[in-house]
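This report concerns only the one structure given below.
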Amino acid sequence: MMVPDQIEMLEVSPRDGLQNEKTLVATADKIALIEHAIAAGSRRIEVTSFVNPKAVPQMADAEAVCEGLPERDDVTYIGLVMNARGAMRALATGRIDQLGAVAVATDSFAMANQGQTSDGSVEVAKEIIALSQAAGKTGQVTIGASFGCPFEGEVAQDRVVAMAVALADASPVEIGLADTIGVGNPAQVAALVAKVRAAVPHIPVRVHFHNTRGTGLANVWAAIEAGAVTVDASIGGLGGCPFAPGAAGNVSTEDVVYMLERAGVRTGLDLSTLVSANHWLGEIMQRTLPGMVAKAPPFPKQA
Ligand code: ZN
């Protein structure tokens, strides 16, 4: 296996990064975060989710965030939705280019996350993708808890592969494999990405890692070596799932970009702009963020 010379990054800080934060972030600051990401080179951004504001108060301003999105033809704005109602809300804004659906690999987590069985979540995800296509947009899907479940423990790889095959029928632009609770390891990641690639070779694989146990960057490397072409990451390493006990932050965008660019894999993102964005976001959140690279001196030394 060889790593490719370029991959695509998908910025998830405005949604996954913020959704678990107790302090409500102002809509203007969310838009500023999106502007920082664009300035750093992000061209795919998960900007919000259209979910029940009682369940996820941080995302209650989804429509207002969409209204403030910069007018950019070259940026794909993604809205995460859990059901047809959320899909209709997202499409009604006129600003969402792509719907992101979520199917969950286990019944217990699917129930906690979206009140469905695992099979039910596959059917709803297919419906969401169909709604996006009917509206002239694109749809993609992420398989949550692909590498382990907070309630059921180990997740059989065959289950995730079978879900990918079923989801592929809806023609998503990609299938994401998410380590929602950050329990995966590189050997497991390499094996699952390879199996999904083999089962649905016509659909690109995206990966989504949380760094709960420090394996995030190793998992990114294993995933792209196994053929994943898009990597989710969050500026500063913010993130977590309100419905997954103990979930911690996403892999930090600047840490992934440092690792990959130094290793000769182009990401399209500018590291120093990302480090500035980390420092800005740390001021908004009033704490030092988990990402490592932004705490370290620049390397190599700037001329
Ligand atoms: Zn996540």
Identify the single condition in (1) away from the ligand (no atom under 16 Å from the Cβ); (2) assigned to a helix (DSSP H, G or I) that HIS202 does not satisfy, given that it satisfies every other one.
(2)
Can you name the condition, by its number, that VAL65 falls short on among (1) open to solvent by 10 Å² or more (accessible area, probe 1.4 Å); (2) touching a residue at least 12 places away in the same chain (Cβ under 8 Å); (3) farther than 25 Å from ALA166 by Cα?
(1)
Return the residue satisfying two criteria in turn: it lies in segment 235-294 and is among the β-branched types (Val, Ile, Thr) and more than 16 Å from the ligand (Cβ to nearest atom), and of such residues it is most open to solvent (accessible area, probe 1.4 Å).
THR288
Take the conditions part of a helix (DSSP H, G or I), more than 15 Å from the ligand (Cβ to nearest atom) and among the hydroxyl-bearing types (Ser, Thr, Tyr) and apply them to SER132. Does it pass?
yes
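Conditions tested, residue by residue: (1) in a loop (DSSP other than H, G, I, E, B); (2) within 19 Å of PHE209 (Cα to Cα); (3) under 20 Å from the mean Cα position of the chain (by Cα).
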residue: CYS241; (1), (2), (3): yes, yes, yes
residue: ALA244; (1), (2), (3): yes, yes, yes
residue: GLY264; (1), (2), (3): yes, no, no
residue: GLY268; (1), (2), (3): yes, no, yes
residue: TRP280; (1), (2), (3): no, no, no
residue: LEU289; (1), (2), (3): yes, yes, yes
residue: PHE299; (1), (2), (3): yes, no, no
Which of (1) open to solvent by 10 Å² or more (accessible area, probe 1.4 Å); (2) farther than 21 Å from LEU238 by Cα does ALA55 not meet, given it meets every other one?
(2)
Single match in ALA101, ALA92, ALA130 (criterion: out of contact with any Leu (no Cβ under 7 Å at 6 or more places or on another chain) and buried (at least 22 other Cβ atoms within 10 Å of the Cβ))
ALA101
If GLY100 satisfies every condition in (1) outside any helix (DSSP H, G or I); (2) in contact with a helix residue (DSSP H, G or I) (Cβ under 7 Å, 6 or more places away or on another chain); (3) not basic (Lys, Arg) but one, which is the exception?
(2)
Within segment 4-42, restricting to residues that are among the acidic types (Asp, Glu) and part of a strand (DSSP E or B), the one that is farthest from the ligand (Cβ to nearest atom) is GLU8
Mind checking which residues of segment 1-29 are over 21 Å from ALA60 (Cβ atoms) and open to solvent by 50 Å² or more (accessible area, probe 1.4 Å)?
MET1, MET2, ASP5, GLN6, GLU8
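The values are calculated or read from the model by the stated rules, or taken from the named source; none is laboratory data. Everything numeric here is computed off the predicted structure, so don't read it as measured data. Note that we place each Cβ from the backbone using ideal geometry, even for glycine, and neighbour counts take in every protein chain shown. Ligands, DNA and RNA are excluded from the accessible area calculation, which covers all protein heavy atoms including side chains. Shrake-Rupley method; radii C 1.70, N 1.55, O 1.52, S 1.80 Å.
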